[in-house]
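Quick note: the coordinates plus some simple rules give every number you see, no bench work behind them. Please read all numbers here as calculations on a predicted model, not as lab measurements. Because the Cβ atoms are built from the backbone with ideal geometry, glycine has one as well, and the counts that use them run over all protein chains shown.
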Amino acid sequence: MKRLICLLPVVAQAAPGIDALTVSPDGQGGQTWTLSIQVLLLMTALSLLPAALMLMTSFTRIVIVLSILRQALGTAQTPSNQVLVGIALFLTFFIMSPVFNKVYDQALGPYLAEQISAQQALERAREPVREFMLAQTRDDDLALFARIAGEAGFERHEDVPFSLLMPAFATSELKTAFQIGFLLFIPFLVIDLVVASVLMSMGMMMFSPLIISLPFKIMLFVLVDGWAMVMGTLATSFYV
């Protein structure tokens, strides 16, 4: 037993180790990294996936509009936050499916088939996402962040870097979401004003108008098929 313990350092010294980083040419003028480094980078990227989902897709606009709609209805926590996030998530997958299909066909599929390198797959995957984000970003928001970054301007939209496009896209989505929320809020605000005026004229000033207006707002929303209208408007607003 003692002899085996004495031999352990010799065996450990003779065992070949795994290189932390190995760079090899890919035959096309580029370089490829070891699989372990690629996996490490992939796991790091997955940790940023929630932020990318919120700020590089349609999720932000949808969840803000749904939250404003719930507040306009005055239904407190109905639907709950989990339900609103779930609706926004699946509606985001529906809206972004053309973009995700392009990413798979142009980048992920060839990479899994070992036809292109990881760097080439990343560059190809950026293009469909860039096209979607540029289509939803206002020019004045791009100009604002270009001025903050000290950029003189861009002749083509393809020249806009991702570091500048992402905050401009998020700002544009916030503006659009609040504009849609404002339009949704007006009909319910009118109902609240009418109910409050009627109660004031009847001398029922101590009676909460929300108790009376809530059923009327729910009835109006159901009669106009409000959920289908809101979902359809949100989906079509990205491809008009």
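Observations, loosely collected:
- If the Kirkwood radius is taken over C-alpha pairs of segment 107-240, then at 25 °C and 0.890 mPa s the Stokes-Einstein diffusion coefficient equals 128 µm²/s.
- Proximal charge balance of Gln179 [Cβ under 12 Å; K/R count +1, D/E count -1]: +2
- Normalising the Debye intensity of segment 139-186 to I(0), with uniform scatterers on Cα atoms only, and taking log10 at q = 0.33 Å⁻¹ returns -1.23.
- Principal axis dimensions, segment 92-138 - Cα atoms, whole angstrom, descending: 36, 21, 10
- If you plug the beta carbon distance of Met200 and Asp139 into 1/(1 + (r/R0)^6) with R0 = 35 Å, you get a FRET efficiency near 0.15.
- Gyration tensor (Cα) of segment 70-186, equivalent ellipsoid semi-axes in angstrom: 31, 24, 10
- Under conditions of 4 °C and 1.567 mPa s, segment 165-240 yields 88 µm² s⁻¹ as its translational diffusion coefficient, taking Rh as the Kirkwood radius over Cα pairs in the Stokes-Einstein equation.
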